[in-house]
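Asks: Starting off with a structure, shown below.
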Amino acid sequence: MRLVSIETGLDDIKAHLNTCGCEVIDMADCVRPVQAVIFSGLVASSATSSRLAGSTVLVNAAGKTPQQVADTLNEQFC
C-alpha cells in the first residue's frame, strides 16, 4: 500500500486514491515520510511530476482528473 500525502481540499482525488489502494493522509496532518505528495498549484518546476531526494514523488494535480493523478502515480512507481 502506497502512503500518499494530499493537499487539503483535493477530496475527490483523495477518495479515488483510497479506492485504488493508497493510504491517503491530509498534508496538514502528515508527520511521517510518504511515498508521494499530491498538490495543486505552482512549484518551482512546472513539471506535472518529479521526485524529491530519496524516492518521494511530487504530483501536481492542477487540471487533472482523479484517474489521471492515479495514472501518474502508477507510472512513477512502475
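The values are calculated or read from the model by the stated rules, or taken from the named source; none is laboratory data. These figures come from a predicted structure and were not determined experimentally. We place every Cβ from the backbone using ideal geometry, glycine too, and count neighbours over all the protein chains shown.
Asks: If you check every pair at least six apart or on different chains, which have Cβ atoms under 8 Å apart with a residue in the stretch 53-78 that is within 16 Å of Ala15 (Cα to Cα) and touching a residue at least 40 places away in the same chain (Cβ under 8 Å) first and a residue that is assigned to a helix (DSSP H, G or I) and small (Gly, Ala, Ser) second?
Replies: From the stretch 53-78, the pairs are Pro66/Ala15.
Asks: Which of (1) surrounded by 11 or more Cβ atoms within 10 Å (Cβ to Cβ); (2) among the β-branched types (Val, Ile, Thr); (3) at pLDDT 95 or above does Thr19 not meet, given it meets every other one?
Replies: Thr19 satisfies all of (1) surrounded by 11 or more Cβ atoms within 10 Å (Cβ to Cβ); (2) among the β-branched types (Val, Ile, Thr); (3) at pLDDT 95 or above except (1).
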